[in-house]
């Protein structure tokens, strides 16, 4: 009991930080899962979408502020940047990766790694290597006192409501789309058996293009939302894609709801390590991943697929 009373504040902060961090990672991981579902390609360049979304949101938000636009325009900049990145990068990269769809997995990984390196250098050419800060949305909403274990913990409204709120809306919208709409059913059909879906008259290429664009926009939105909570520096995309792979592998490839639960597990694990064992911060997500995969190689929510020969 004394340990809890002495460390209750830290535990509360770790929980709140973990929730907001998990929300951002989920946005990237669920987009990665969608893309893998239709293309069967693990897209290493996906982390660059996150970084470019963050940089674009910061640039757009700073431009809006310089032009004297209303304060709420800072929030609009986040959504606009994500949409622009999705539309500009999604379709052309989807066409390129579609050409490797029937190639060896190693070739697919090399192509996406090459794209990742190109996009990383492109970020440095456009935004340079100095940190960029865009915390206007964070400051606009201010702080709120969160009751926890008899104490009041000051925490930002942006991280408490905006990040988890958008992640929950995204999860519900994706689950509803996949289960209740014609597009969702066609997407599931293409994911399960592309050849059979094509034979039924489904335009698999169009489904692939739209899904890849959505996945790209979700990763960019994750970066845009995170741009208000941390400075943007070169290499942020690489860190994010590695963590996203950990989430996807732990949940199981192709799992949307599983990605949300796993992102929460990894986010809470990482934030708890930051407050109580900082030396383990980097390795905790991967220890969780390894522990799960040793017990369930297909992931927590994955299923064993029958291989067609």
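The values are calculated or read from the model by the stated rules, or taken from the named source; none is laboratory data. Quick caveat, the model's predicted, so the values are computed rather than measured. With ideal geometry, Cβ positions are generated from the backbone for all residues, glycine too; neighbour counts draw on all protein chains shown.
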Only listed residue being within 30 Å of residue 105 (Cα to Cα), touching a strand residue (DSSP E or B) at 6+ places or on another chain (Cβ under 7 Å) and modelled with pLDDT of 90 or more, chosen from 86, 54, 47: 54
Segments classed as helices (runs of 4 or more DSSP H), wholly inside segment 146-248, with at least 3 members that are without any contact (Cβ under 8 Å) to a residue 12 or more places away in the chain and touching a helix residue (DSSP H, G or I) at 6+ places or on another chain (Cβ under 9 Å): 163-180, 182-192, 194-199
Residue match in segment 249-259 (condition: touching a residue at least 40 places away in the same chain (Cβ under 8 Å), more than 20 Å from residue 43 (Cβ to Cβ) and either outside any helix (DSSP H, G or I) or under 18 Å from the mean Cα position of the chain (by Cα) (or both)): yes
Breaking point among (1) over 18 Å from the mean Cα position of the chain (by Cα); (2) exposed (fewer than 15 other Cβ atoms within 10 Å of the Cβ); (3) in contact (Cβ under 8 Å) with a residue 40 or more places away in the chain, for residue 69: (3)
Positions within segment 132-170 being on the phi > 0 side of the Ramachandran plot and either within 23 Å of the chain's Cα centre (by Cα) or modelled with pLDDT of 90 or more (or both), in sequence order: 142
Extreme residue, surrounded by the fewest Cβ atoms within 10 Å (Cβ to Cβ), among residues of segment 122-131 that are more than 21 Å from the chain's Cα centre (by Cα) and in a helix (DSSP H, G or I): 125
Number of the condition not met by residue 32 [criteria: (1) within 30 Å of residue 140 (Cβ to Cβ); (2) surrounded by 18 or more Cβ atoms within 10 Å (Cβ to Cβ)]: (1)
